[in-house]
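Structure, as structure tokens:
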Amino acid sequence: MKMDRVKLADFLRRSRERLRPHEVGLAAGPRRRTPGLRREELAQLAGVSADYVMRLEQARSSQPSVQLLSALARALRLTEDERDHLYLLAGHRPPEGARAGNHVRPGLLYLLDRLGDTPAQLLTDLGDLLAQNALAETLFGCVCRIEERDRNIVWRWFTDPFVRQAYPAEEHDRHSRLRVADLRAAATRRDYDQPSSALIDRLGAASEEFADLWQRHEVAVRRESRLRVIHPSVGLIEFDFEMLQTQAADQRLRLFTPPPGSKSIEALELLRVIGPETAHRSHR
């Protein structure tokens, strides 16, 4: 990622000039010619030298570290969007956004219900199933009887043989590799925190297949793909699988849409009529 010194200099200068002294606990003073902060004041608030702030604003500094950018963002009272913009201009990846954990915002639950013609699921980045709409429940089965700690799609794939019956046998190896590669990407983003490390250890102890795949060190964020699902009531259904980022850094919305003009459209409509209560599926 390349540093843009000119745009970085302009953004820092204008952000400093927009900030009023009283907003950071400083007195304006009688001899202040401009309403914004002075370079010396910003330097003091950020814990850096005034000379370095001047070189940054003159587009002739070395690349600032993430620690320095964090200090500048706090000193300038930047919003999250402004902070991310600052990082990108300086040639660094912005810090990860806030996590929601298992808390589901009411707006997301409302959205799931409104997607009546599209199977949709809300998951954490580690694969914990948080919520799904009625059509997804008809397609994949209800998990209400499954213990909360076992509602992880990676865990169920590697420990529950019944789950794999919903997918063509010749695609099982590909699904296994995709799940492991995506889990590694999530664990790395989390810096292998307690939830991700615990899940990996648990999977490694329960599944030799998972342990072998984990040793390959493959990594790939799963965003979209073609997916085929076998349902006992309507047979094989083909989907275009989309993984959408939500406002939270650790939650994803999964959508399953049939390809335009395919027979899967009729099969999905039949599933919608059948409903989860009469789909005759136990959990997957």
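The values are calculated or read from the model by the stated rules, or taken from the named source; none is laboratory data. Only a predicted model underlies this, so the values are computations on that prediction, with no experimental measurement involved. We place every Cβ from the backbone using ideal geometry, glycine too, and count neighbours over all the protein chains shown.
Residue 1 meets the conditions (1) in a helix (DSSP H, G or I); (2) among the aliphatic types (A, V, I, L, M); (3) in contact with a His (Cβ under 8 Å, 6 or more places away or on another chain) in every case but one. The failed one is (1). Filtered by the rule that a residue be assigned to a loop (DSSP other than H, G, I, E, B) and at pLDDT below 90, segment 240-260 gives 246, 247, 248, 249. Once segment 106-161 is narrowed to residues that are small (Gly, Ala, Ser) and over 20 Å from residue 257 (Cβ atoms), the residue that is modelled with the highest pLDDT is 127. Looking across segment 40-60, not a single residue is part of a loop (DSSP other than H, G, I, E, B) and surrounded by 19 or more Cβ atoms within 10 Å (Cβ to Cβ). If the condition is being in a helix (DSSP H, G or I), touching a residue at least 12 places away in the same chain (Cβ under 8 Å) and not β-branched (Val, Ile, Thr), then segment 197-221 contributes 199, 202, 203, 206, 209, 210, 213, 214.
Could you please let me know if residue 220 is modelled with pLDDT of 95 or more and in contact with a helix residue (DSSP H, G or I) (Cβ under 9 Å, 6 or more places away or on another chain)? Against the criterion (modelled with pLDDT of 95 or more and in contact with a helix residue (DSSP H, G or I) (Cβ under 9 Å, 6 or more places away or on another chain)), residue 220 does not qualify.
All conditions in (1) in contact (Cβ under 8 Å) with a residue 40 or more places away in the chain; (2) of a type outside the set (A, V, I, L, M, F, W, C); (3) within 18 Å of residue 21 (Cβ to Cβ) hold for residue 92, with the sole exception of (3).
For segment 95-126, a residue qualifies if it is surrounded by fewer than 20 Cβ atoms within 10 Å (Cβ to Cβ), touching a Phe, Trp or Tyr at 6+ places or on another chain (Cβ under 9 Å) and in contact (Cβ under 8 Å) with a residue 40 or more places away in the chain, and exactly one does: 118. Residue-level analysis places residue 153 among those that are in the same structural domain as residue 242 (by TED's automatic domain parsing), of a type in the set (A, V, I, L, M) and under 29 Å from residue 234 (Cα atoms).
Filtered by the rule that a residue be in contact (Cβ under 8 Å) with a residue 60 or more places away in the chain and under 13 Å from residue 221 (Cβ atoms), segment 155-189 gives 186, 187, 189.
Taken over segment 250-268, the residue count meeting the criterion of being surrounded by 14 or more Cβ atoms within 10 Å (Cβ to Cβ) and of a type in the set (Asp, Glu) is 1. Scanning segment 182-194 for residues that are surrounded by fewer than 13 Cβ atoms within 10 Å (Cβ to Cβ), in contact with a His (Cβ under 7 Å, 6 or more places away or on another chain) and more than 21 Å from residue 209 (Cβ to Cβ) turns up nothing.
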